[in-house]
Structure formats: structure tokens, C-alpha cells
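The values are calculated or read from the model by the stated rules, or taken from the named source; none is laboratory data. Everything numeric here is computed off the predicted structure, so don't read it as measured data. Surface areas here come from the heavy atoms of the whole protein model, side chains and all, with no ligands, DNA or RNA. Shrake-Rupley method; radii C 1.70, N 1.55, O 1.52, S 1.80 Å.
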Amino acid sequence: SNVVGQHTMCEMYMMTLGVLAPYRRLGIARGLLESALAAAAQDPTIRRVVLHVQIDNDDALRFYHKHGFATVRMVERYYKLLDPPHAYLLEYPLR
């Protein structure tokens, strides 16, 4: 965390964003993501939004990259019960 003025800078972590297969490609995930990013942007202490994506989830990676997220690094053995267990950490800078 960084301290700016009287505010401690922090980040928002997106735990899960999922849309069932029959409802994909209808803009639902985009709307949810845009709403979450807009809410985070309203809080001056949130400097970035971060999330993890399993390394073989090409659809999710494409989606987040298309919406302004950048891959920061790979995190080995992030998932305990999934194969592959590795994830990418993605970030969306707000400030």
C-alpha cells in the first residue's frame, strides 16, 4: 500500500466473474466488468483492479486484455484443485 495524503492506496481484487455458456456473447460479462471498474474508479484509494486467470483460459485472457487489463506475471501453483494449477495475474490500473 502507498499513502497519498490521508488515504492509504489499495487495490480491488476480482474473485470471480462468470457467465453460464448459454448466456455468453450477449454483453453480460462486459456489463458486469464495466460496472465493477466504474465502482472501483469512484473510490480514490483504489489504484488498480487485479485478478487471476488460469493460464489455459484463452477466452478469459482475450476478454480481459480486450477490456484494458495487462498481464503482470505468471503465478505458479496458484490453483490447488485445477489442472493446470498456474495462473496469470492481470491488472487494470485506475490511477
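Ordering 23, 13 by accessible surface, largest first, gives 23, 13; the 1.4 Å probe counts only protein heavy atoms, with every chain in place. Estimated at 0.36 nm per residue, the fully extended path between residue 20 and residue 83 surpasses their Cα-Cα distance by 20.6 nm.
Tell me whether the chain comes out rounded, prolate or oblate; compute the Cα gyration tensor, take square roots of the eigenvalues as a ≥ b ≥ c, and use a/c under 1.5 as the rounded threshold. It comes out oblate by the Cα gyration axes.
For helix 28-42, report the angle its Cα long axis makes with the longest principal axis of the Cα atoms of the chain; keep it between 0 and 90° and round to the nearest 10°. Roughly 10 degrees between the two axes.
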